[in-house]
Each structure stands twice: as structure tokens, then as C-alpha cells.
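The values are calculated or read from the model by the stated rules, or taken from the named source; none is laboratory data. Keep in mind it's a predicted model, so treat the numbers as computed, not measured. When we count neighbours, we look across all protein chains shown, and the Cβ atoms used for this are built from the backbone with ideal geometry, even at glycine.
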Amino acid sequence: MSKPLILIVDDEIGVRELLTDALRIAGLETIEAKDGMSALTALRKHKPDLLIIDVNMPIMDGFDLLERVREGKNNVPALMLTARADRSDVARGLRLGADDYVTKPFGLEELLLRVRAILRRSRPAEETFSILTCGPITLNEETYEVFLDEDAVDLSKTEFRLLQHLMANKGRVLTKSSLLSEVWDIDFASDTGVVDTYISYLRRKFHSPSFDGIKTVRGIGFQIVEPKVKK
């Protein structure tokens with residue numbers, strides 16, 4: 001099997017060289033782009049397994065680049081590098097289809113772990129499929145279709161994985177750390193708010209008069225439960 005190919009997009013040559021060296025030592029292949037336009041050109045020539053995109057780039061920033069990539073129906077996983085601690089910036093990247101983010105300055109060990117996690121979950125192993133239900137929600141694991149009552153709901157790949165895991169463990173309280181491990185393959189200490197962000201996305205899409213959504217168990221995590229039958 002060929003080595004995974006990583007496209008590094010950053011306007012700082014020092015960052016590109018640092019990441020290239022670290023990723024190649026870890027057994028991964030890399031190509032580089034110094035800006036958004038160069039990255040789009042590279043994507044026409046190559047099919048990388050992962051994009052590492054710096055947010056703060058001139059002319060076309062990382063958000064604009066990711067938006068262009070997704071508009072082209074390219075669902076290659078993306079890891080965002082950001083010097084911005086503002087959660088709204090992080091949420092914007094996730095809404096555009098980023099799979100994860102790392103805040104600068106970052107540790108190479110954590111970044112490599114996140115890269116490995118994204119690559120693992122983007123190549124899922126063979127598994128049996130079934131149809132999961134919870135109240136008005138129906139999730140088909142084989143066709144990747146989700147319905148709220150009779151209406152189809154459009155979910156990103158990560159939203160689907162999170163909802164699938166919650167429904168497969170219906171009634172159980174799942175901790176943030178267990179969700180990070182099962183959905184994002186993050187098995188190391190992390191203060192990322194990605195779980196809360198995606199839970200909020202699912203709540204907005206599935207709240208209805210017949211279903212009050214995903215419950216927060218304070219201090220522990222989240223659970224999805226069958227709605228109570230009204231007598």
C-alpha cells in the first residue's frame with residue numbers, strides 16, 4: 001500500500017519545511033503549496049489523503065481555500081493550523097468541512113497524532129451495517145442516509161459519525177473523552193472544543209416538537225434517548 005500523501009499549505013517556508021521533515025520521518029509523503037492558488041493547482045495534479053492548511057494566509061486565507069475545495073465536491077480531509085484562539089474562527093472552519101484544527105504554536109507530537117487519527121478514520125475498516133433509530137430519527141449505516149420523521153437531513157461525514165455513535169449507544173451517557181476517541185480517534189489529552197461544537201450542530205438539525213434532541217449530563221458528557229411516550 002502506498003504511503004499517505006499530505007498537502008501542506010502555508011505561506012511561511014519555515015513552517016512548510018518543519019512539517020515536511022516531521023511528516024516524512026513519520027513515514028508519510030508530502031507536497032507543498034505556498035498559498036491558496038498554488039494549493040488548488042496542486043489538487044488538480046494530485047490526490048492527497050489529507051490537507052494541512054494554515055488559516056492566516058494573504059490573498060486567499062485558509063477558510064477561503066477550504067470553501068473552494070468543498071465547492072469543487074472534494075471531500076479530502078483537512079486539518080487547519082490557526083494562530084487564532086477565537087472559538088468562532090474554529091467553528092467557521094468546522095462548518096466549512098475541516099476535520100480538526102491545531103492552534104499555533106503547536107507541538108509536533110500532538111500534530112502527528114492528530115494527522116494519524118484523521119487518516120485512520122478516513123479509511124474505515126469493513127463493518128456490518130444496520131439501521132439505527134431514536135424517536136423520529138432514522139440512520140442508515142450502509143447508505144449514509146439520515147431522516148427526521150420523513151425528511152432527509154444533510155450531515156457532514158463527522159456529524160454522521162457522531163450521531164451514529166450516539167445512536168448506537170442510545171440511553172448511555174458518553175463522556176467527551178470517549179467521543180473524541182471513538183469519533184475523532186483522539187486518544188490523548190486534549191482541551192479541544194470540537195465535541196461541543198458538533199453537538200450544537202446536531203441539536204440545531206434535529207430539534208423538533210417530537211424530539212428535544214441530545215441531552216447534556218453536566219460534568220460527564222452527552223446522551224441521546226428515546227422520547228417519552230405521552231399518555
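Could you run through the stretch 194-225 and say how many residues are modelled with pLDDT under 85 and either small (Gly, Ala, Ser) or part of a helix (DSSP H, G or I) (or both)? Show your work before the answer.
Filtering the stretch 194-225 for residues modelled with pLDDT under 85 gives 207-213.
Then keep just the ones that are either small (Gly, Ala, Ser) or part of a helix (DSSP H, G or I) (or both); that gives 208, 210, 213.
Summing the residues that are modelled with pLDDT under 85 and either small (Gly, Ala, Ser) or part of a helix (DSSP H, G or I) (or both) in the stretch 194-225 gives 3.
All but one of (1) closer than 20 Å to VAL194 by Cβ; (2) at pLDDT below 90; (3) among the small types (Gly, Ala, Ser) hold for ALA125, so report the exception by its number.
Going through the list (1) closer than 20 Å to VAL194 by Cβ; (2) at pLDDT below 90; (3) among the small types (Gly, Ala, Ser), ALA125 breaks only (1).
So is LEU179 at pLDDT 90 or above, buried (at least 18 other Cβ atoms within 10 Å of the Cβ) and not in a loop (DSSP other than H, G, I, E, B) or not?
Yes.
List every residue pair whose Cβ atoms sit under 9 Å apart, with the two residues 6 or more apart in sequence or on different chains, where the first one lies in the stretch 94-107 and is farther than 24 Å from SER156 by Cβ and the second, anywhere, is outside any loop (DSSP other than H, G, I, E, B) and of a type in the set (S, T, N, Q).
Once the first residue is farther than 24 Å from SER156 by Cβ and sits in the stretch 94-107, its partners that are outside any loop (DSSP other than H, G, I, E, B) and of a type in the set (S, T, N, Q) give LYS104/THR82.
Just give me the residues in the stretch 176-189 being farther than 21 Å from LEU139 by Cα and either more than 18 Å from the chain's Cα centre (by Cα) or of a type in the set (Asp, Glu) (or both), in sequence order.
Those that are farther than 21 Å from LEU139 by Cα and either more than 18 Å from the chain's Cα centre (by Cα) or of a type in the set (Asp, Glu) (or both): ASP185, ASP187.
Is one or more of the residues making up the stretch 29-40 part of a helix (DSSP H, G or I) and of a type in the set (Lys, Arg)? So that I can check it myself, show each step before the final result.
First, the residues of the stretch 29-40 that are part of a helix (DSSP H, G or I): 36-40.
Imposing the further condition that a residue be of a type in the set (Lys, Arg) reduces the set to none.
The answer is no, given that none of the residues of the stretch 29-40 is part of a helix (DSSP H, G or I) and of a type in the set (Lys, Arg).
With modelled with pLDDT of 90 or more, farther than 16 Å from PHE211 by Cα and assigned by TED's automatic domain parsing to the domain that holds HIS207 as the only criterion, which of LEU148, LEU162, LEU166, LEU139 stands out?
Of the residues listed, the single one that is modelled with pLDDT of 90 or more, farther than 16 Å from PHE211 by Cα and assigned by TED's automatic domain parsing to the domain that holds HIS207 is LEU162.
Of all residues in the stretch 149-168, which are touching a residue at least 60 places away in the same chain (Cβ under 8 Å) and acidic (Asp, Glu)?
Within the stretch 149-168, just ASP149 meets the criteria.
Outside the structural domain of LYS170 (by TED's automatic domain parsing), over 30 Å from PRO209 (Cβ atoms) and either among the aromatic types (Phe, Trp, Tyr) or without any contact (Cβ under 8 Å) to a residue 12 or more places away in the chain (or both), is that true of LYS45?
Answer is yes for this residue.
May I ask you to list pairs of residues, at least six apart or on different chains, whose Cβ atoms are under 7 Å apart, with the first in the stretch 216-231 being surrounded by fewer than 11 Cβ atoms within 10 Å (Cβ to Cβ) and the second being modelled with pLDDT under 90?
Matching pairs, first to second residue: none at all.
Residue-by-condition table, conditions (1) modelled with pLDDT of 95 or more; (2) in contact with a helix residue (DSSP H, G or I) (Cβ under 6 Å, 6 or more places away or on another chain); (3) surrounded by 15 or more Cβ atoms within 10 Å (Cβ to Cβ):
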| position | (1), (2), (3) |
| --- | --- |
| VAL9 | yes, yes, yes |
| THR30 | yes, yes, yes |
| ALA33 | yes, yes, yes |
| LYS45 | no, no, no |
| ILE53 | yes, yes, yes |
| GLY62 | no, no, yes |
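If you go through the stretch 169-189, how many residues are basic (Lys, Arg) and without any contact (Cβ under 8 Å) to a residue 40 or more places away in the chain?
Total meeting the criteria: 0.
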